[in-house]
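The next block holds one structure in the form of structure tokens; read it before the comments.
The values are calculated or read from the model by the stated rules, or taken from the named source; none is laboratory data. Because the structure is predicted, anything quoted here is derived from the model rather than measured. Virtual Cβ from ideal backbone geometry, glycine too; neighbours counted across all protein chains shown.
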Amino acid sequence: MSEPEQLTLDLETPVPDTYTIELRRGEEDGGAVVRHHTASNPDDAYSFVEALRDDAKVRYMVTWQTDEPVQSGKMFGLASGGDTYVIAVVPPLDLS
């Protein structure tokens, strides 16, 4: 009788090669991309998020729902004229 196949489970979470960071104006997924950046590590991605957040706050007078990136990878904001803005990070940053 043959032995059953031994399955394995990766113990480490895979680290993505790149992160895509976008500032969008309008609808969450269908909005116009205002800025687009690519980062090779989480620290650079986080820095891009902070820079986009601060730039939109000054340039478009966006008030953000939160000051820090969230686990979902999306930050939502509202400009004084009623436009909505989203900063999206794909894949989401692991903030744990």
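Can you tell me how many residues within the stretch 71-96 are at negative phi, part of a loop (DSSP other than H, G, I, E, B) and either of a type in the set (Ser, Thr, Tyr) or more than 9 Å from the chain's Cα centre (by Cα) (or both)?
Of the residues in the stretch 71-96, the ones at negative phi are 71-72, 74-81, 83-96.
Then keep just the ones that are part of a loop (DSSP other than H, G, I, E, B); that gives 71-72, 80-81, 83, 91-96.
Subsequent filtering for residues that are either of a type in the set (Ser, Thr, Tyr) or more than 9 Å from the chain's Cα centre (by Cα) (or both) retains 72, 80-81, 83, 94-96.
Count: 7.
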Q: Determine if the stretch 2-18 includes at least one residue that is surrounded by 12 or more Cβ atoms within 10 Å (Cβ to Cβ), of a type in the set (S, T, N, Q) and under 30 Å from residue 82 (Cβ atoms).
A: no
Q) Restricting attention to the stretch 46-81, which residues are modelled with pLDDT of 90 or more and of a type in the set (Gly, Ala, Ser)? A) 47, 51, 56, 77, 79
**Q.** Tally of residues being more than 16 Å from residue 80 (Cα to Cα) and either assigned to a strand (DSSP E or B) or among the hydrophobic types (A, V, I, L, M, F, W, C) (or both) across the stretch 25-70
**A.** 14
(Q) Is it the case, given these coordinates, that residue 3 is outside any strand (DSSP E or B), more than 17 Å from residue 93 (Cβ to Cβ), free of Cβ contacts under 8 Å to residues at least 24 places away in the same chain and not polar (S, T, N, Q)? (A) yes
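Taking the conditions exactly as written (in contact with a Phe, Trp or Tyr (Cβ under 9 Å, 6 or more places away or on another chain) and in contact (Cβ under 8 Å) with a residue 12 or more places away in the chain), does residue 69 satisfy them or not? I'd like the intermediate steps shown before the answer.
Details: in contact with a Phe, Trp or Tyr (Cβ under 9 Å, 6 or more places away or on another chain): yes; in contact (Cβ under 8 Å) with a residue 12 or more places away in the chain: yes.
Yes: the conditions hold for residue 69.
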Q. Among the candidates 27, 50, which residue alone is loosely packed, with under 11 Cβ neighbours inside 10 Å and of a type in the set (D, E, K, R)?
A. 27
Q) Which of the residues spanning the stretch 61-70 are surrounded by 18 or more Cβ atoms within 10 Å (Cβ to Cβ) and more than 11 Å from the chain's Cα centre (by Cα)? A) 62
Q: Those residues that are aliphatic (A, V, I, L, M) and either modelled with pLDDT under 90 or buried (at least 16 other Cβ atoms within 10 Å of the Cβ) (or both), I need them from the stretch 82-93; list them, please.
A: 86, 87, 88, 89, 93
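I'd like the full set of residues that are β-branched (Val, Ile, Thr) and at pLDDT 75 or above, limited to the stretch 1-19.
As a first pass, look at the stretch 1-19 and keep what is β-branched (Val, Ile, Thr): 8, 13, 15, 18.
8, 18, listed by residue number.
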